[in-house]
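Below: one structure, written as structure tokens.
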Amino acid sequence: MVSESKRSTLLIENVTVATMRQGINLLEDHSIVIQGDRIDRIVKSSNPDLKNLEVDHRINGRGKVAMPGFINTHTHFYSSFAKGLTKCEPAKNFYGVLQNLWWRLDQALTLDDVHSSAMVAMVDAIKHGTTTIIDHHSSPNAITGSLDRIEQAVIDSGLRAALCYEVSDRGGGGRADEGVRENLRFIERANMLGGHRIKSMFGLHASFTVTNHTMERIAGELDCKDVAFHLHTAEDEYDQRFTKNAYGTTVVERLARWGLLNEKTICAHGVHLSDQEIAIIAESGAAVVHNPQSNMNNAVGLCDIVKLKEGGVLVGLGTDAMTMNMMEELRIALWLQKSSRQDQAFPITEVTDLLLAGNQKIAQRIWPESLGELAPQSLADIILVDYNSITPIGSDNFLGHLIFGLSQASVDTTIASGKVLMEDKKLCFLDETAIVTKARELSTKMWERF
Ligand SMILES: [Zn+2]
């Protein structure tokens with residue numbers, strides 16, 4: 001288990017630093033001094049003060065680029081156990097994907113599966129340099145206590161995460177009620193824990209599986225304006241069609257009526273939104289998280305990130321469990337927009353902005369800390385990527401290197417809260433073999449129940 005950092009001193013020497021502080025700022029041959037869980041300073045490697053520094057751990061960053069650990073603003077750890085699962089019938093549409101795969105998979109999960117699948121996701125995240133993760137969990141036959149099991153995995157990994165349980169009436173009112181209670185219980189627990197490793201949100205599946213009765217319960221239990229809600233929003237046209245037929249309104253208008261939209265709310269997907277709905281989201285301050293690979297895989301349509309941003313909506317980038325590799329998701333976000341729009345000149349910044357600025361802002365609403373940038377007093381979430389650039393590199397062309405070069409390079413070192421979690425591509429604390437062996441054993445049994 002990784003304990004909260006003591007005030008030890010870690011020095012990363014001779015590295016190219018991409019600070020990502022208020023834009024791109026590339027510093028060649030610099031050194032990063034980390035004390036405890038924070039960055040103390042970033043100075044030129046030739047700085048004479050470094051010679052007198054007492055260092056507990058020294059990392060040579062030559063040939064590497066240091067960047068802030070990536071932030072993933074929408075994923076599902078439990079989906080780890082779906083890799084290679086082919087037992088389900090092919091689906092004709094989005095609702096069929098949920099019925100045939102995801103709503104059968106989540107029902108088969110036990111609390112041990114929940115923990116094990118989260119551990120697998122933690123290993124993946126560390127290997128790909130993702131240090132802050134916003135998860136959305138579902139296990140209808142193992143609801144109570146599920147968030148504690150995920151919390152344990154997050155704490156043991158050394159990463160940070162915001163957790164919630166997705167409330168849904170699709171399994172009946174009893175399960176919806178249990179889901180509400182799990183969220184409320186865990187919100188209290190996370191508040192009690194304090195610190196900056198574990199945060200809580202309030203999860204709902206989506207408008208089309210949450211009844212007015214359950215909405216009323218949630219609105220009655222909580223002072224909604226202060227709660228960080230996290231739910232799938234207009235991912236497929238089905239969500240709009242169902243909501244219109246059942247409740248006579250649009251998805252976003254319904255969420256707004258129940259008070260679920262505020263500055264901390266995450267609306268995952270936002271593919272099928274009217275101009276009026278975009279205006280409502282912008283007005284509320286809620287964020288939309290784009291998940292390009294998932295949208296492509298489920299063939300639900302194109303999220304118009306440009307229109308959302310022009311409408312004043314904060315937009316981030318998630319993976320919806322397709323990967324923990326944010327640079328892969330970023331690249332694909334760009335290909336998707338270019339290809340769908342048949343626009344060769346589509347600006348790179350439209351997508352890099354989601355990962356580098358959007359996710360940072362979203363995370364800072366949940367963690368009121370300096371995250372997602374390398375600067376004095378920021379939380380020391382730092383990755384080193386193998387990248388001895390064969391072409392000129394600077395602040396002006398860094399984004400091109402990120403999409404076309406860095407995204408194809410290996411993450412060598414991952415540091416979160418000042419703790420080195422992976423160095424020389426080897427995990428420092430987690431026993432990967434044991435985690436994989438356990439996951440294989442449990443997923444085999446889970447697939448038999450599927
Ligand atoms: Zn999702």
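Summary of values
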| item | result |
| --- | --- |
| One residue from L98, L27 being free of Cβ contacts under 8 Å to residues at least 24 places away in the same chain, under 30 Å from T323 (Cα atoms), aliphatic (A, V, I, L, M) and in the same structural domain as Q360 (by TED's automatic domain parsing) | L98 |
| Region 119-148 - residue that is in a loop (DSSP other than H, G, I, E, B) and within 16 Å of the ligand (Cβ to nearest atom) and, of those, farthest from the chain's Cα centre (by Cα) | P140 |
| Unmet criterion (only one of (1) in contact (Cβ under 8 Å) with a residue 12 or more places away in the chain; (2) outside any strand (DSSP E or B); (3) touching a helix residue (DSSP H, G or I) at 6+ places or on another chain (Cβ under 7 Å)) for A282 | (3) |
| Residues satisfying the stated conditions in region 215-240, i.e. farther than 23 Å from T73 by Cβ and either in contact with a Lys or Arg (Cβ under 7 Å, 6 or more places away or on another chain) or surrounded by 21 or more Cβ atoms within 10 Å (Cβ to Cβ) (or both) | M215 |
| Some residue of region 165-181 being surrounded by fewer than 24 Cβ atoms within 10 Å (Cβ to Cβ), of a type in the set (K, R), assigned by TED's automatic domain parsing to the domain that holds F94 and part of a loop (DSSP other than H, G, I, E, B) | yes |
| Which listed residue is surrounded by 14 or more Cβ atoms within 10 Å (Cβ to Cβ) and modelled with pLDDT of 95 or more, from V2, V15 | V15 |
| Search result, residues across region 99-128 that are touching an Asp or Glu at 6+ places or on another chain (Cβ under 7 Å) and either at pLDDT 95 or above or within 23 Å of T437 (Cβ to Cβ) (or both) | V123 |
| Options A82, A66: the member that is within 26 Å of the chain's Cα centre (by Cα) and away from the ligand (no atom under 16 Å from the Cβ) | A66 |
| Residue that is nearest to the chain's Cα centre (by Cα) [pool: residues in region 287-315 that are away from the ligand (no atom under 16 Å from the Cβ), within 21 Å of T249 (Cβ to Cβ) and assigned to a loop (DSSP other than H, G, I, E, B)] | V313 |
| Selected residue [in contact with a Ser or Thr (Cβ under 8 Å, 6 or more places away or on another chain) and either modelled with pLDDT of 95 or more or of a type in the set (D, E) (or both)] from E235, E277 | E277 |
| Residue among T319, T243, T250 that alone is crowded, with 19+ Cβ neighbours inside 10 Å, away from the ligand (no atom under 16 Å from the Cβ), of a type in the set (S, T, N, Q) and under 18 Å from F94 (Cα atoms) | T243 |
| Residues of region 425-436 classified as surrounded by fewer than 19 Cβ atoms within 10 Å (Cβ to Cβ) and outside any strand (DSSP E or B), total | 8 |
| Whichever residue in region 205-222 is within 25 Å of the chain's Cα centre (by Cα) and not in a helix (DSSP H, G or I) and, among such residues, is farthest from D106 (Cα to Cα) | L222 |
| Odd one out for A279, checked against (1) of a type outside the set (S, T, N, Q); (2) within 16 Å of the ligand (Cβ to nearest atom); (3) over 16 Å from L355 (Cβ atoms) | (2) |
| Filtered residues of region 338-370 (kept if over 15 Å from the mean Cα position of the chain (by Cα) and without any contact (Cβ under 8 Å) to a residue 40 or more places away in the chain) | K338, S339, S340, R341, Q342, D343, Q344, A345, F346, P347, P368, S370 |
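The values are calculated or read from the model by the stated rules, or taken from the named source; none is laboratory data. The shown structure was predicted, so the numbers you read here are calculated from the model rather than taken from an experiment. Every residue, glycine as well, gets a Cβ built from its backbone with ideal geometry; the counts of neighbours run over all protein chains shown.
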